[in-house]
1. Report the label-to-label distance for Phe333 and Ser191 in nanometres (one decimal), using points 7 Å from each Cα along the Cα→Cβ vector.
2. Label point 7 Å out from Asn72 along Cα-to-Cβ: which residues of the range 160-191 have amide N under 18 Å?
3. For Glu107, Glu42, Glu76, what's the fewest-to-most ordering of other Cβ within 10 Å of each Cβ?
4. What list of ³J(HN,Hα) couplings, whole Hz, do you get for the range 48-54 from phi and the Karplus terms 6.51, -1.76, 1.60, once you set θ to phi - 60° and write x for glycine and proline?
5. Please list, in chain and number order, the residues 5+ apart from Leu296 or on another chain whose amide H is under 5 Å from its amide H, with Hs placed from the backbone.
6. Exposure proxy check: Ile322, Ile200 ranked by fewest other beta carbons within 10 Å?
7. Quote the FRET efficiency, to the nearest 0.05, computed for His50 versus Val85 with a Förster distance R0 of 45 Å and r equal to the Cβ-Cβ distance.
8. Counting only residues 5 or more places away or on other chains, whose amide H sits under 5 Å from the amide H of Gly316 once H atoms are built in the peptide plane?
Amino acid sequence: MSARRTRSAALLAGVSAVLVFAAGSPAAAGPGSHVSSLQAEENALAGRVHSASLDLYALDSSLAAAQSKLTNLRAEAARLRLQQVQLAQQISATQRMLTISQQHLGENLRLMYEQGDTDPVAVILGAESLDDAVSTLDGLKRVTDQSSGFVVASALAKHRLQMLRAALSTHRARIASAVRAAAGTTRTLASARADRLSFISGLRAQQQLKASRIQQLEASVQRAEVKSTTLTAAVAASGPVPAVVGDPSPAPASAQSSGGRTLVVSATGYSLPGHTATGLPVGWGIVAVDPTVIPLGTRMTVPGYGEAVAADVGSGVRGASIDLWFPTVAQAFAWGRRTVTITLH
């Protein structure tokens, strides 16, 4: 392909739609297929956003339940702490009562011993009458029983309170463990909820990006359609194609076949990166043609190249000649310039 040739590009309405080639063809997708692909991706993102939103609702419900459970457990733990404080006070009071009872018992026994009234035989022998002896013995027994009763009652109360304190401590330990577990669950759910919110935010940002790219591509296609119409009209108004001195391109020769119209053309390989003049990307299957010979948007089969579409024009492409795009210069040189019989669809 001549390096002096200045390339321009144009697409007719619907060119982007016909840039989808047969299965197994290496042809690159055009803007229309890009739009379809982006729309499919946008729909997939919408589905993922919906699924993630449902997950978020479930997490919200679980988090609310976990927070409620944690609040209740903390209230129970506070109640148990108060009970434990009150129980400690009761145990302390009972301990003081036990100490006092023991002291009273000791004092009574010591007093009776000092008075010599602890021996029943001595009491009976020293009494002036039997009634006096019985009354004295009853008094001794009553004092002794009362003091002993205080000691026993205080000891039993202390024992019950200590048992209650042990049970309360065990219960409080279980509640504390449950509080820690509930707090951990709440933190995990809150973290998962934050991650899900971030994930949904990212998906929605991708949706917005896809929608923006779709709008840009659709606007680019519309501009290409307008420019293609303008270029086609300009080429048609320029009159007959002038002869090119030294151009080995064969004269147009076409025939009708069962698979479409055939045309003998001179095909030249080229490799230029970037975009066409319409802003659409070049790619495998993009063919530059003379639109007075091959209308833009025409599908074709090129032997040795594959499926292609007339999607570009150039000042050096005149008459029965076409330019085929290749991804590398080496491939373009390997193709070179050759005469082929193409089939137009």
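Taken together, the values in this text are just the output of simple stated rules run on the coordinates, not laboratory data. Remember, predicted model here, so these are calculated numbers, not experimental data. Here the Cβ positions follow ideal geometry from the backbone for every residue, glycine too, while neighbour counts run over all protein chains shown.
1. Label-label distance for Phe333 and Ser191, simple model: 5.9 nm.
2. Counting only backbone N, you get 172, 174-187.
3. Glu107, Glu76, Glu42
4. For the range 48-54, the Karplus curve yields 5, 4, 4, 4, 5, 5, 4 Hz.
5. Amide H neighbours of Leu296: none.
6. Ile200, Ile322
7. 0.25
8. It is Thr6, by chain and number.
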